[in-house]
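Down below is the structure, laid out as structure tokens.
The values are calculated or read from the model by the stated rules, or taken from the named source; none is laboratory data. Everything quoted here is computed from the prediction, not taken from an experiment. Cβ placement follows ideal geometry from the backbone for every residue including glycine, while neighbour counts extend to all protein chains displayed. Just so you know, the surface numbers come from the protein's heavy atoms only, side chains and all, with ligands and any DNA or RNA stripped out. Shrake-Rupley method; radii C 1.70, N 1.55, O 1.52, S 1.80 Å.
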Amino acid sequence: MKRFKKPDWQKQISRERIEILFSEAEKIFRTNPERAKNYIKQAWRIALKYRVRIPLALKRSFCKKCFYYLKAGASASIRLNKQRLIITCKNCGAVKRIPYKRKG
Ligand SMILES: [Zn+2]
């Protein structure tokens, strides 16, 4: 018996859906953070189900703990500490540390 493999077009569609969900989350999070959170949760589920990677830039734009959309100055505080970017979620207080390289 042939093993079922997820076709590429399905992955492609999932990626597009993830990007759409994130852009919707970005649009709505100021007025409705709860709904933005749901969009991100949905995107996360799609990524797991179809085994697609969430692009790095999008991955950094939400809190992995509470799925809150993270926007500098609004829902997150971002500090630069030597070679690290420290992002704090204002909703649950989770801290993300991202290695950062300054150019030059
Ligand atoms: Zn959080």
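At-a-glance table
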{"item": "Close pairs from region 58-72: first of a type outside the set (A, V, I, L, M, F, W, C), partner part of a loop (DSSP other than H, G, I, E, B) and near the ligand (Cβ under 6 Å from one of its atoms), Cβ under 6 Å, at least 6 apart", "result": "K65/C92; K65/A94; Y68/N91"}
{"item": "Single condition A43 does not satisfy, out of (1) more than 16 Å from the ligand (Cβ to nearest atom); (2) touching a Phe, Trp or Tyr at 6+ places or on another chain (Cβ under 7 Å)", "result": "(1)"}
{"item": "Given (1) in a helix (DSSP H, G or I); (2) in contact (Cβ under 8 Å) with a residue 40 or more places away in the chain; (3) basic (K, R), number of the condition R35 does not satisfy", "result": "(2)"}
{"item": "Qualifying residue in region 4-17 (condition: within 16 Å of the ligand (Cβ to nearest atom) and either part of a strand (DSSP E or B) or among the aromatic types (F, W, Y) (or both))", "result": "no"}
{"item": "Tally, over region 44-78, of residues that are at negative phi and out of contact with any helix residue (DSSP H, G or I) (no Cβ under 8 Å at 6 or more places or on another chain)", "result": "16"}
{"item": "So E24, is it in contact (Cβ under 8 Å) with a residue 12 or more places away in the chain and acidic (D, E)", "result": "yes"}
{"item": "Residue list for region 67-104, filter: part of a loop (DSSP other than H, G, I, E, B) and more than 14 Å from the ligand (Cβ to nearest atom)", "result": "G73, K82, Q83, Y100, K101, R102, K103, G104"}
{"item": "Checking S75 against (1) of a type in the set (S, T, N, Q); (2) free of Cβ contacts under 8 Å to residues at least 40 places away in the same chain; (3) open to solvent by less than 60 Å² (accessible area, probe 1.4 Å), the condition it does not meet", "result": "(2)"}
{"item": "Residue within region 51-66 that is more than 16 Å from the ligand (Cβ to nearest atom), of a type in the set (K, R) and open to solvent by 70 Å² or more (accessible area, probe 1.4 Å) present", "result": "yes"}
